[in-house]
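Quick notes on the structure that follows.
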Amino acid sequence: MSVSDKIENIQNTYKSDIDSATNNPEKLKEIYIKFLGRKGLVADLYSELALLPNDQKPAFGQKINKLKISILY
């Protein structure tokens with residue numbers, strides 16, 4: 001699976017998780033940790049970024065950052 005596919009998959013998973021957690025603070029906290037925690041899904045993407053060729057890193061880094069921002073806000 002390519003990094004782009006993983007980013008898209010994480011984004012879709014986040015959307016479905018957040019839709020199921022409406023008005024439940026505990027569930028929202030779990031989702032935050034799952035995606036943005038130190039060992040979360042977004043952190044895994046950053047570690048995979050290091051394995052990419054140097055010419056691909058900026059583009060995928062921007063995509064990962066956009067994903068992170070969309071989760072935060």
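Throughout, read-outs are computed from the coordinates displayed, never taken from laboratory work. All figures in this text were calculated on a predicted structure; none of them were measured in a lab. Positions of Cβ are backbone-derived with ideal geometry, glycine not excepted, and every protein chain shown enters the neighbour counts.
State, as an integer percentage, the relative contact order of the chain based on alpha-carbon contacts under 8 Å between residues 6 or more apart.
32 percent.
Quick one: Karplus J couplings for segment 24-38, per residue in order, coefficients 6.51, -1.76, 1.60, θ = phi - 60°, nearest Hz, x for Gly and Pro?
Values per residue, Gly and Pro as x: 10, x, 5, 5, 5, 5, 4, 5, 4, 5, 4, 9, 10, x, 4 Hz.
Exceeding 19 Å between C-alpha atoms, which entries from my cross-link table qualify? They are LYS34/LYS57; LYS27/LYS66; LYS6/LYS57; LYS6/LYS34.
Distance filter (> 19 Å) returns LYS34/LYS57; LYS27/LYS66.
How compact is segment 3-72 by the rule of thumb for globular proteins, expressed as Cα Rg over 2.2 N^0.38 Å?
For segment 3-72, the normalised Cα radius of gyration is 1.16.
Given a Förster distance of 22 angstrom, what is the FRET efficiency for GLN11 paired with GLU48, based on the Cβ-Cβ distance and rounded to 0.05?
In this case the efficiency is close to 0.90.
Note down the nm distance, to one decimal, between modelled labels 7 Å out along Cα→Cβ at ALA21 and at GLN56.
3.0 nm
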